[in-house]
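Q: Input: one structure, supplied below.
None of the figures in this text is laboratory data; all of them are computed from the coordinates on show. The shown structure was predicted, so the numbers you read here are calculated from the model rather than taken from an experiment. FYI the Cβ positions are ideal-geometry reconstructions off the backbone, even for glycines, and counts take in every protein chain you see.
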Amino acid sequence: MTEITVEPQASGVKLIRISGDLDAMGSQVIETPFVQAIGERTARVIVDLSSVGFISSSGMALLLVKGKTLRSGGGDLCVAAPNARVLEVFALAGFHEIFDVYQTVEEALAAMG
């Protein structure tokens, strides 16, 4: 079961933690809560993927569309703590050229803080 939790930070950054698989079904399950969690298009968002075991094109599309929406509104989205499997998918898709990807949530918080 794919789940999402939101942890607003004192700096104003929204830390969104996703657990489970971001395949077609998982992406569909979290899309509405993800959009609600982001809120304003000016939001600065860190997506913690440390508990995501697998990501498909559906999960990639979700992050890409929401990230572009934020950027167009003056916000930003970065990704933190993807496992080796997810990181490989990101590399193949050229995601490093689109989003900042950090090894840890702490690094992402320091960069966006």
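Q: Could you work out how far apart the two model spin labels at Glu3 and Ala93 are, taking each label as a point 7 Å from the Cα in the direction of the beta carbon, and quote it in nm?
A: Result: 2.4 nm between the two label points.
Q: Treating only the Cβ of Lys, Arg, Asp and Glu as charged (+1, +1, -1, -1), what charge dipole size does the chain show about its Cα centre? Round to the nearest 20 debye.
A: Dipole magnitude for the chain comes out near 300 debye.
Q: Restricting to Cα pairs below 8 Å that are 6+ residues apart, what does the relative contact order work out to for region 3-107? Please round to a whole percent.
A: Value for region 3-107: 26 percent.
Q: Tally Lys and Arg at +1 and Asp and Glu at -1 over the other residues with C-beta under 15 Å from the C-beta of Gly94: what net charge comes out?
A: Result for the local shell: -2.
Q: While we're looking at this one, here's another question. Considering only region 3-107, what is the antiparallel percent among its DSSP beta bridges, to the nearest 5?
A: 30 percent
Q: For Thr69, what is the net charge nearby, where nearby means another residue's Cβ is under 15 Å from its Cβ and Lys, Arg count +1, Asp, Glu -1?
A: +3
Q: For the chain, what does the alpha-carbon gyration tensor say about shape, rounded, prolate or oblate, given a ≥ b ≥ c as the root eigenvalues, a/c under 1.5 as rounded, and a/b over b/c as prolate?
A: Rounded, because the longest to shortest axis ratio a/c is under 1.5.
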